[in-house]
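Notes for the one structure printed next.
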Amino acid sequence: MAMQHFETQITQINRSHILHFPVEASEKLPSRGMVMVVGTINGIPVEMALEPDGKGSHWFLVSESLFSALQEEQVKVAFEILESWHEPDVPNDLYAALEASDLVGTWLSLTTKARWEWVRWVRFTNNPDTRKKRIEVTCSKLDAGKRRPCCFDLTRSTDTSVSKNGVPLD
């Protein structure tokens, strides 16, 4: 895929800054689910884990340091698909459960994309009891040889700090 270009506005949801991809740019991606891309925002090199927005497009959480470096909300984006995925940040409670269940080796045997799917599924709730249950189910399924979460809509946003029911807040 050749480098793609677009201009957009960085918006704020709660305390987070979001760069929403135009639908036309998202249509050029290989998946309606999560996608890794590399490129630049106003010439600053970035590697982005794009979250789906549940409506056919994608968005990217802009770090505070990147937002400060950009110094403006209107930005020029250039990107191309990144073939290899970077590792997800595994939440401490999930990792502790994997360790306690002696499943770290199994976890590491998964593809990076599969690890992302488990992490996204676990974090796709604001309810602590649901999260705890999802971590238990993750360990149980991994122990049973399952490689990916079942019945999980990968086209929905799982960052509950900026979305509800899988769609970013307005």
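Observations
- Qualifying residue in segment 97-105 (condition: in contact with a helix residue (DSSP H, G or I) (Cβ under 6 Å, 6 or more places away or on another chain), at pLDDT 90 or above, hydroxyl-bearing (Ser, Thr, Tyr) and farther than 30 Å from Glu27 by Cβ): yes
- Filter result for Lys164 (within 22 Å of Trp59 (Cα to Cα), surrounded by fewer than 16 Cβ atoms within 10 Å (Cβ to Cβ), without any contact (Cβ under 8 Å) to a residue 40 or more places away in the chain and not hydroxyl-bearing (Ser, Thr, Tyr)): yes
- The set of residues in segment 99-125 being surrounded by fewer than 19 Cβ atoms within 10 Å (Cβ to Cβ) and of a type in the set (Asp, Glu) consists of Glu99, Asp102.
- Evaluation of Ala96 against (1) surrounded by 15 or more Cβ atoms within 10 Å (Cβ to Cβ); (2) aliphatic (A, V, I, L, M); (3) farther than 26 Å from Trp59 by Cβ (one fails), failing number: (1)
- Only one entry of Glu51, Glu72, Glu87, Glu83 meets the criterion of being of a type outside the set (A, V, I, L, M, F, W, C) and more than 18 Å from the chain's Cα centre (by Cα), and that entry is Glu72.
- Of the strands (runs of 3 or more DSSP E) lying entirely inside segment 40-85, those containing at least 2 residues that are in contact with a strand residue (DSSP E or B) (Cβ under 7 Å, 6 or more places away or on another chain) and under 18 Å from Ser157 (Cα atoms) span 44-52, 58-62.
- Which listed residue is touching a Leu at 6+ places or on another chain (Cβ under 8 Å) and under 21 Å from Thr160 (Cα atoms), from Val119, Val75: Val119
- Candidate set from segment 98-137 (those that are of a type outside the set (A, V, I, L, M), out of contact with any Phe, Trp or Tyr (no Cβ under 9 Å at 6 or more places or on another chain) and not in a helix (DSSP H, G or I)); member that is nearest to Leu50 (Cα to Cα): Thr125
- Cβ-Cβ under 7 Å pairs, at least 6 apart or on other chains, segment 38-63 side among the small types (Gly, Ala, Ser), far side in a strand (DSSP E or B): Gly39/Val46; Gly39/Val77; Gly39/Ala78; Gly39/Phe79; Gly39/Glu80; Ala49/Met36; Gly54/Val167; Ser57/His20
- Taken together, His17, His5 contain a single residue that is under 15 Å from the mean Cα position of the chain (by Cα) and either more than 22 Å from Asp153 (Cβ to Cβ) or assigned to a loop (DSSP other than H, G, I, E, B) (or both), which is His17.
- Here Ser16, Ser31, Ser57 are screened, and the one residue that is in contact with a helix residue (DSSP H, G or I) (Cβ under 6 Å, 6 or more places away or on another chain) and at negative phi is Ser57.
- The residue of segment 113-131 that is modelled with the highest pLDDT, among those that are more than 26 Å from Ser84 (Cα to Cα) and in contact with a helix residue (DSSP H, G or I) (Cβ under 8 Å, 6 or more places away or on another chain), is Arg131.
The values are calculated or read from the model by the stated rules, or taken from the named source; none is laboratory data. Fair warning: this is a prediction, and the values are worked out from it, not measured in the lab. Every residue, glycine among them, receives a Cβ derived from its backbone with ideal geometry; neighbour counts consider all protein chains shown.
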